[in-house]
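Take a look at the structure set out below.
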Amino acid sequence: MHTIPLFHLFPSLLNISTLLGLAPSAFALLFCILFTYPYSLLFRILHKQTTPVPAHLTHLITGTTLSYLAYGNDAIHLVILPLATWTAMKLLHPKQAYASTWIGAMTYLLIGYWKYSTDNYDIDWTTPFSVMTLRMIAVAADVMDGKEKGSNTQH
């Protein structure tokens, strides 16, 4: 089992996890998910006029940081999939991008399940990766559908 950087940064959170009867990995995931709500509210209040690029960079940095805090070095897996999906959508025909995203993401996820499986129910990087896999496949499908319908739509 890997160490969770969140508890190295905030050791008292491990006591809260124990007090609540949650496994440290479950508490770290829950903490990071719940952190996004006040963060989003604060961001919306402070950055009403922010253009898309700085907003996207801020969210990218925050999300990557939270992933690292919850999963340590295993958070790299959560960076690989969006980059691979984006690259496929930029370089390939939409149908090829969809197919390669579907096959690549599902293969990566299944290998991750196989490599990291134990006899217990574990919350590790494969937990959010499974959700991300579905989202990346959906994004690739949306891009494919949009390209197939033609350029009749106005932007």
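At a glance:
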read-out	value
Gly112, sole failed condition from (1) free of Cβ contacts under 8 Å to residues at least 40 places away in the same chain; (2) surrounded by fewer than 16 Cβ atoms within 10 Å (Cβ to Cβ); (3) small (Gly, Ala, Ser)	(2)
Matching option when the condition is within 25 Å of Phe43 (Cβ to Cβ), out of contact with any His (no Cβ under 6 Å at 6 or more places or on another chain) and surrounded by fewer than 18 Cβ atoms within 10 Å (Cβ to Cβ), among His59, His93	His59
Members of region 78-90 that are closer than 18 Å to Thr127 by Cα, touching a Ser or Thr at 6+ places or on another chain (Cβ under 9 Å) and surrounded by fewer than 18 Cβ atoms within 10 Å (Cβ to Cβ)	Val79
Any chance Ser100 is within 20 Å of Leu9 (Cβ to Cβ), in contact with a helix residue (DSSP H, G or I) (Cβ under 8 Å, 6 or more places away or on another chain) and among the small types (Gly, Ala, Ser)	no
All positions within region 2-25 that are under 23 Å from Tyr116 (Cβ atoms) and free of Cβ contacts under 8 Å to residues at least 40 places away in the same chain	Phe7, His8, Leu14, Ser17, Leu22, Pro24
Every residue from region 17-54 that is within 20 Å of Tyr68 (Cα to Cα), aliphatic (A, V, I, L, M) and in a helix (DSSP H, G or I)	Ala26, Ala28, Leu29, Leu30, Ile33, Leu34
Subset of region 76-100 (residues that are assigned to a helix (DSSP H, G or I), hydrophobic (A, V, I, L, M, F, W, C) and either out of contact with any Pro (no Cβ under 9 Å at 6 or more places or on another chain) or free of Cβ contacts under 8 Å to residues at least 12 places away in the same chain (or both))	Ile76, Val79, Ile80, Leu81, Leu83, Ala84, Trp86, Ala88, Met89, Leu91, Ala97, Ala99
Residue that is nearest to Ile123 (Cα to Cα), among those in region 98-109 that are in contact with a Leu (Cβ under 8 Å, 6 or more places away or on another chain) and surrounded by 18 or more Cβ atoms within 10 Å (Cβ to Cβ)	Ala105
Enumeration of residues in region 115-125 that are surrounded by 14 or more Cβ atoms within 10 Å (Cβ to Cβ) and assigned to a helix (DSSP H, G or I)	Tyr116
Matching residues, region 1-22, being surrounded by fewer than 16 Cβ atoms within 10 Å (Cβ to Cβ) and within 22 Å of Tyr121 (Cβ to Cβ)	Met1, His2, Thr3, Ile16, Thr18, Leu19, Leu20, Gly21
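This table checks each residue for (1) closer than 20 Å to Ala26 by Cα; (2) of a type outside the set (A, V, I, L, M).
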residue: Thr51; (1), (2): no, yes
residue: Pro54; (1), (2): no, yes
residue: Gly72; (1), (2): yes, yes
residue: Ala88; (1), (2): no, no
residue: Ser100; (1), (2): no, yes
residue: Ile111; (1), (2): no, no
residue: Phe129; (1), (2): yes, yes
residue: Lys147; (1), (2): no, yes
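Quick note: the coordinates plus some simple rules give every number you see, no bench work behind them. The model shown is predicted, which means the values in this text are computed figures rather than measured ones. When we count neighbours, we look across all protein chains shown, and the Cβ atoms used for this are built from the backbone with ideal geometry, even at glycine.
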